[in-house]
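Accompanying notes for the structure given below.
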Amino acid sequence: MFSRIAVSVLAFSLVFVSGARGQQAETVVVTASRVPIDADQSGSAVTVLLGDTLRARDIDQLYDALRLVPGVEVSRTGSVGSFSQIRIRGAEAGHELVLIDGARANDPAASGEGFNFAHLLTAAIGRVEVLRGPQSALWGADALAGVVNVVTVAPHDGFDASGRAEYGSFNTKEASGLVNIGNERYAAIFDGAWLDTDGINIAHNGHEDDGYRNTSFGFRAKADVSDTIHFTAALHHADTRTDIEATDFLGAFSIPLDAGDFSKFSATYGRAQASADLFRGVVEAIAGASFTRTTVNDFTSPFGAPFDVAFNDRTKGGENRFDLQANIRWAPNQRLSLLAETARDTFDSLRLDLPSASQSQHETHSGVAGEYWIGINDAVFVSLGARHDWNQAFADSTTWRATVSARLDPAWRLHASAGTGVKNPDFFELFGFFPAPFFVGNPNLKPEKSLGFDAGLEWRPVDGALIDVTYFHTDLEDEIFTDFSVFPNTARNANGQSRRQGLEVAGHADLGNGFALDAAYTYLDAKQNGEDEIRRPHHIASANLDWRFDDNRGLLDLGVDYHGKQPDTAFLNAPPFTMPVTLDGYTLVHIAGSYEICPGVALTARIENALDQRYEEVFGFRTQGFGAFAGVKVSLGG
């Protein structure tokens, strides 16, 4: 197995070396440290996806963009709008922290399930950073396996506006727009997006399509009061409606059953921040406040009956967070960042079908952290960080992280990191879901913990080409699971460890004559008690070939995503109640193109799943086949 991987990596490298030319610009990342740094100064593995590139390739949903990132596995329960999780380096879904313009976006009411990537569109995204490896020393709980940082388009000087409309298969309609106005000191940008599709029937029975609708909007603003005092604010809101299926409790498998049920979800994320440079720039002081509000309303009928549904379940989550940070620079190449923050999470559940299960809970967290960073001869960059968190409802935690980036010569760079991460128990695990004697909470739970390291070598063989190969290893302990062997059922911390290790390969090449290639490959070995973890294929890969022609008026993109076979679990309606299954591998081909017919106006077209693959990412949930879409983009000013 490893010899085949080595041959693949060698072939991958030769492809990028041949014919690569041009110059690749350096990239600044904001999550790899507590302050922005150049990507080649980061010891942690980080991938940056640019919003302009995603829109040029006509990638509308963030989860599809994340398929391009090494080490990231996407699991979607059906078609567009269906619940979508990611797993970073084989970790559990929910072991990644998601930031949207600096606000923590993980749902406080469902943190154990992880962030639902189905509802985040790319229309207003400026960049996405995916930081891999344990990052809790910098970013606190939830960053056990990494951080996904979504940064929307920043407000800037001048006036410009853009818009897009598209129609295609499955009666899919989409429109979005963005307007920026500002000057050198004050600026604001507003965006809106709308997506409506009939979708497909994700169940294996019946004929009812499961549609989806998403209405999103947001704004960002900045005010540079003086050369040393700055204010920023951001808000993002989304309202969605997703058709969902009932569960078949009468057949052999507990799989989706055609029904008229649906779910409504709304979320609001916001952050305001003030910063000041003090003592002639020696100290940068930052004060911030952020909030998250989520609401889920499920409308279901008993046993999936096809008649009018009744309001059945409502869950609300909320978080208010306040933070203070000081960055102290006593030399151009040395910095100490100190952080203190506190947060209050809330959870409310209303069950009309089972009133005794309704509950309202809250918990508070506070933490302090520090990071020391030093650059040596502009070639070696080292960071050391630590954090301690106090938790009201469960055990406290302490985490650490160390990184190094060393430029060996102009063509080679070594990067490595090691650290720990934590994932806090969620409200259901702490306080229970149904009233006793069905499922009771466990106030003695400890946070899940990980210890991980990675080491990689980056090679720039010629201008415009980059290849990075990274080995990673992580051990997870105190994993939280539901113990069905006791009555009443409860959540417990597991004994032993889960091991995740593998190899990530990523590359970029400017091939000349308008061609550019991006590719990624991941080999993963994720085991729990010696058994392969579900929904973690050994092999995933992606490649995108872009061709810009006619003085950049035209663009063609060919994208290929390969997903190897993977284990999953089938739930049965009779003993033994679960059965291991293997989901077949599949290859998705995406073709997109655009052409500027006159200044500021471009026609677009794309084909999804060009090979019309029939596949499942989660057992029992059908996915979308071949689809074709066409649209128009307009831009003014700028």
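Each reported figure results from applying straightforward, stated rules to the coordinates on display, with no laboratory input. Every value quoted in this text rests on a predicted model; they were computed, and no experiment measured them. All Cβ positions, glycine included, derive from the backbone under ideal geometry; neighbour counts span all protein chains shown.
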- request: Within 10 Å, count the other beta carbons around each residue, average over each peptide in 96-104, 551-559, 615-623, and list them highest first.
  value: 96-104, 615-623, 551-559
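Output the pairs from Lys316/Lys527; Lys173/Lys565; Lys316/Lys446; Lys423/Lys527; Lys316/Lys423 with a Cα-Cα distance over 26 Å in this structure; if there are none, say none.
Details: Lys316/Lys527 34 Å; Lys173/Lys565 33 Å; Lys316/Lys446 24 Å; Lys423/Lys527 19 Å; Lys316/Lys423 20 Å.
From the list (Lys316/Lys527; Lys173/Lys565; Lys316/Lys446; Lys423/Lys527; Lys316/Lys423), the Cα-Cα distance tops 26 Å for Lys316/Lys527; Lys173/Lys565.
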field: Charge tally in the Cβ shell below 12 Å around Gly620, where Lys, Arg are +1 and Asp, Glu are -1, Gly620 excluded
entry: -4
- request: Please report, in debye to the nearest 20, how large the charge dipole of the chain is about its Cα centre when each Lys and Arg carries +1 at its beta carbon and each Asp and Glu carries -1 there.
  value: 1020
- prompt: Residue separation times 0.36 nm, minus the C-alpha to C-alpha distance between Ser226 and Val581: what's the value?
  reply: 121.6 nm
- prompt: Separation between the Asp612 and Ala188 pseudo-spin-labels, each 7 Å from Cα along Cα→Cβ, expressed in nm?
  reply: 5.0
task: Determine the dipole magnitude for the stretch 423-546: charges of +1 sit on the beta-carbon of Lys and Arg, -1 on that of Asp and Glu, nothing else is charged, the reference point is the Cα centre, and the result goes in debye to the nearest 20.
output: 440
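Send over the per residue convex hull volume for the stretch 176-261, Cα only, as a whole number of Å³.
Convex hull volume per residue, Cα atoms: 111 Å³.
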- line: With bins of 20 Å, the percent of all Cα-Cα pairs of the chain per bin from 0 is 18, 56, 26, 1
query: Quick one: Debye curve from the C-alpha atoms of the stretch 122-210, no solvent, what's log10 I(q)/I(0) at q = 0.20, 0.23, 0.24 Å⁻¹?
result: -0.92, -1.00, -1.03
query: Just in the stretch 161-201: which GluC sites (Glu not before Pro) are loop by DSSP and have at most 11 other Cβ atoms within 10 Å?
result: Glu184
- request: Please give the FRET efficiency for Val462 paired with Val35, using the beta carbon to beta carbon distance and R0 = 41 Å, rounded to the nearest 0.05.
  value: 0.80
